[in-house]
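Some notes on the structure that comes next.
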Amino acid sequence: MILTSVQSTQQIEPKRAFDYWRSTALARVDASLVEGEGAFAARRLVAVLSEGTLIRTRSSPLVIERLPQQIRRDSHDDVCLSLLLGGSGHLEQGNRGALLAPGEIGLVSLARPFVLGAHESYEELRLHIPRAVFRQHVGNVEEVAGRALRAGALGDLFASYLTTFAATVERMSEAEAAHAYEGALHLLRGIVHGAGERGEGDTSARALRSLADAHIERRLHDPALGPAEICAALQVSRTRLYAAFAPTGGIAAAIRDARLDRAHRRLSAPGRDGETITDIVRACGYLDPAGFSRAFRRRFGLAPRDVRALRRTRGLD
């Protein structure tokens, strides 16, 4: 049978849960909690396959970074594939990046620094694929690392296939798991070679917009986030950054709307009534609560407190 294990924070003292998870499940990366979040909880199933690892994780929000010193220390050269099942996330690697929605696939190389994060509770399926295996079955890692793959019907098939694989892997023999793993790689090859972002080039406005969107999502809690900070972080000119966002109203509008959208998600989420509106305002990078309320009403037609009250009225808790 396949070697599997379950890791969980369930039996860990709440104030130690994140430190436990960081030192065990996240030992290869640097991890931080998302500002404004409450108690941390996580659980994952790990299945060790003959040529890779399959992991299913449910977790509170967090941000992870793989740093140069960690790469030098452990020398792992796997490709990490993340299929998001629930929640939302972002990824950045080199001069690429993207936001992730449920059903989308993110790919990063463990041989280079990267950032992955989620600002709400999430569920994901992950495959760790050795670079040589990825090259043999899928293609060149560097063509897709740092991108989100949105593959339509084939992506839906892959999500269903990988979900079933994770649900049954504990009962599989090594031979059965090897066949299932090879099938997953075959589907992934079809997605990679048919994905809409292939061939666009990293210097395109669309690629820059995708990377900037991911950076914005990661830094929304910082009131200093703005065009100058983004240009410095991504090492691009103000002209290029403004041009990438011009078709949708500009970079300032994108930051404002991202802040407001995060606030709306938090106000609408069940189980967050212990979080005050002031907490939410701060976590979304606003210093002026009155200005936040005005902007929120203009965008959604409701005051922040009304969104929370509406959720309660509809019994969504």
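What are the residue pairs meeting all of these: first residue in the range 277-297, first residue more than 17 Å from H119 (Cβ to Cβ) and without any contact (Cβ under 8 Å) to a residue 24 or more places away in the chain, second residue of a type outside the set (D, E, K, R) and surrounded by fewer than 19 Cβ atoms within 10 Å (Cβ to Cβ), Cβ atoms under 6 Å, and 6 or more apart or on different chains?
As it stands, the answer is R297/A303, since those pairs meet every condition given.
When H128 is evaluated against the numbered criteria (1) surrounded by 16 or more Cβ atoms within 10 Å (Cβ to Cβ); (2) under 28 Å from G38 (Cβ atoms), which criterion, by number, is the only one it fails?
(2)
Would a scan of the range 57-74 turn up a residue that is in contact with a helix residue (DSSP H, G or I) (Cβ under 6 Å, 6 or more places away or on another chain) and modelled with pLDDT of 95 or more? Break it down into steps so the answer makes sense when it comes.
Applying the first criterion (in contact with a helix residue (DSSP H, G or I) (Cβ under 6 Å, 6 or more places away or on another chain)) to the range 57-74 yields none.
Looking for residues that are in contact with a helix residue (DSSP H, G or I) (Cβ under 6 Å, 6 or more places away or on another chain) and modelled with pLDDT of 95 or more, one finds none in the range 57-74, hence no.
Run down S237, S293, S210 and say which single residue is within 27 Å of L33 (Cα to Cα), of a type in the set (G, A, S) and over 23 Å from the mean Cα position of the chain (by Cα).
Values: S237 fails: within 27 Å of L33 (Cα to Cα); S210 fails: over 23 Å from the mean Cα position of the chain (by Cα).
Every option except S293 fails the conditions.
Restricting to the range 264-281, and then to whatever is crowded, with 19+ Cβ neighbours inside 10 Å and in contact with a Pro (Cβ under 7 Å, 6 or more places away or on another chain), can you tell me which residue is farthest from P223 (Cα to Cα)? Break it down stepwise before answering.
Just the residues of the range 264-281 that are crowded, with 19+ Cβ neighbours inside 10 Å, to begin with: 266-267, 272, 277, 280-281.
Retained after the next criterion (residues that are in contact with a Pro (Cβ under 7 Å, 6 or more places away or on another chain)): 267, 277, 281.
On the way: L267: 20, I277: 17, V281: 11 Å.
So, considering only residues that are crowded, with 19+ Cβ neighbours inside 10 Å and in contact with a Pro (Cβ under 7 Å, 6 or more places away or on another chain), the one farthest from P223 (Cα to Cα) is L267.
Mind checking whether some residue in the range 221-234 is acidic (D, E) and in contact with a Lys or Arg (Cβ under 7 Å, 6 or more places away or on another chain)? Quick ask: steps written out before the conclusion?
Quick first cut of the range 221-234, residues acidic (D, E) only: 222, 229.
Filter once more, so that each one left must be in contact with a Lys or Arg (Cβ under 7 Å, 6 or more places away or on another chain): none.
So far as the range 221-234 goes, no, none of its residues is acidic (D, E) and in contact with a Lys or Arg (Cβ under 7 Å, 6 or more places away or on another chain).
So A177 passes all but one of these: (1) closer than 30 Å to L287 by Cβ; (2) surrounded by 15 or more Cβ atoms within 10 Å (Cβ to Cβ). Which condition number does it fail?
Of the numbered conditions (1) closer than 30 Å to L287 by Cβ; (2) surrounded by 15 or more Cβ atoms within 10 Å (Cβ to Cβ), the odd one out for A177 is (1).
Restricting the range 97-109 to residues that are in contact (Cβ under 8 Å) with a residue 40 or more places away in the chain and surrounded by fewer than 23 Cβ atoms within 10 Å (Cβ to Cβ), which is nearest to A39 (Cα to Cα)?
My answer is L99.
Residue check: is L85 in contact with a helix residue (DSSP H, G or I) (Cβ under 6 Å, 6 or more places away or on another chain) and either aliphatic (A, V, I, L, M) or surrounded by fewer than 18 Cβ atoms within 10 Å (Cβ to Cβ) (or both)? Show your work before the answer.
Numbers: in contact with a helix residue (DSSP H, G or I) (Cβ under 6 Å, 6 or more places away or on another chain): no; either aliphatic (A, V, I, L, M) or surrounded by fewer than 18 Cβ atoms within 10 Å (Cβ to Cβ) (or both): yes.
Judged against the criteria, L85 is not a match.
Condition check: surrounded by fewer than 17 Cβ atoms within 10 Å (Cβ to Cβ), closer than 24 Å to L234 by Cα and not polar (S, T, N, Q). Does E65 satisfy that? Outline the logic, then answer.
Working: surrounded by fewer than 17 Cβ atoms within 10 Å (Cβ to Cβ): yes; closer than 24 Å to L234 by Cα: yes; not polar (S, T, N, Q): yes.
Yes; evaluated as a whole, the condition is true for this residue.
Might you let me know whether the range 139-147 holds any residue that is over 21 Å from the mean Cα position of the chain (by Cα) and either outside the structural domain of S88 (by TED's automatic domain parsing) or within 30 Å of A207 (Cα to Cα) (or both)?
Of all residues in the range 139-147, those over 21 Å from the mean Cα position of the chain (by Cα) come to 139-140.
Those left that are additionally either outside the structural domain of S88 (by TED's automatic domain parsing) or within 30 Å of A207 (Cα to Cα) (or both): 139-140.
Checked the range 139-147: at least one residue is over 21 Å from the mean Cα position of the chain (by Cα) and either outside the structural domain of S88 (by TED's automatic domain parsing) or within 30 Å of A207 (Cα to Cα) (or both).
Which pairs do you get when a residue that is buried (at least 16 other Cβ atoms within 10 Å of the Cβ), found in the range 144-158, comes within reach of a residue that is among the basic types (K, R), reach meaning Cβ atoms under 8 angstrom, with the pair 6+ apart or on two chains?
V144/R198; A145/R96; A145/R112; G146/R96; R147/R96
Looking at E229 and the list (1) surrounded by fewer than 21 Cβ atoms within 10 Å (Cβ to Cβ); (2) of a type outside the set (A, V, I, L, M); (3) touching a residue at least 24 places away in the same chain (Cβ under 8 Å); (4) closer than 17 Å to R259 by Cα, which single condition is not satisfied?
Only one criterion in (1) surrounded by fewer than 21 Cβ atoms within 10 Å (Cβ to Cβ); (2) of a type outside the set (A, V, I, L, M); (3) touching a residue at least 24 places away in the same chain (Cβ under 8 Å); (4) closer than 17 Å to R259 by Cα is unmet by E229, namely (3).
Take G97 and decide whether it is small (G, A, S) and in contact with a Leu (Cβ under 9 Å, 6 or more places away or on another chain). Explain how you work it out, then say what you get.
Working: small (G, A, S): yes; in contact with a Leu (Cβ under 9 Å, 6 or more places away or on another chain): yes.
Yes: the conditions hold for G97.
Among the residues of the range 1-40, how many are within 22 Å of H119 (Cβ to Cβ), of a type in the set (A, V, I, L, M) and over 17 Å from the mean Cα position of the chain (by Cα)?
Qualifying residue count for the region: 2.
Only one of A243, A258 is surrounded by 13 or more Cβ atoms within 10 Å (Cβ to Cβ), more than 23 Å from G89 (Cα to Cα) and either at pLDDT 90 or above or not assigned by TED's automatic domain parsing to the domain that holds G52 (or both); which? Give the derivation first.
On the way: A258 fails: more than 23 Å from G89 (Cα to Cα).
One residue alone meets the criteria, A243.
The values are calculated or read from the model by the stated rules, or taken from the named source; none is laboratory data. Just so we're clear, the structure is a prediction, and the values are computed from it rather than from any experiment. Here Cβ is always computed from backbone atoms with ideal geometry, including for glycine, and neighbour counts include all displayed protein chains.
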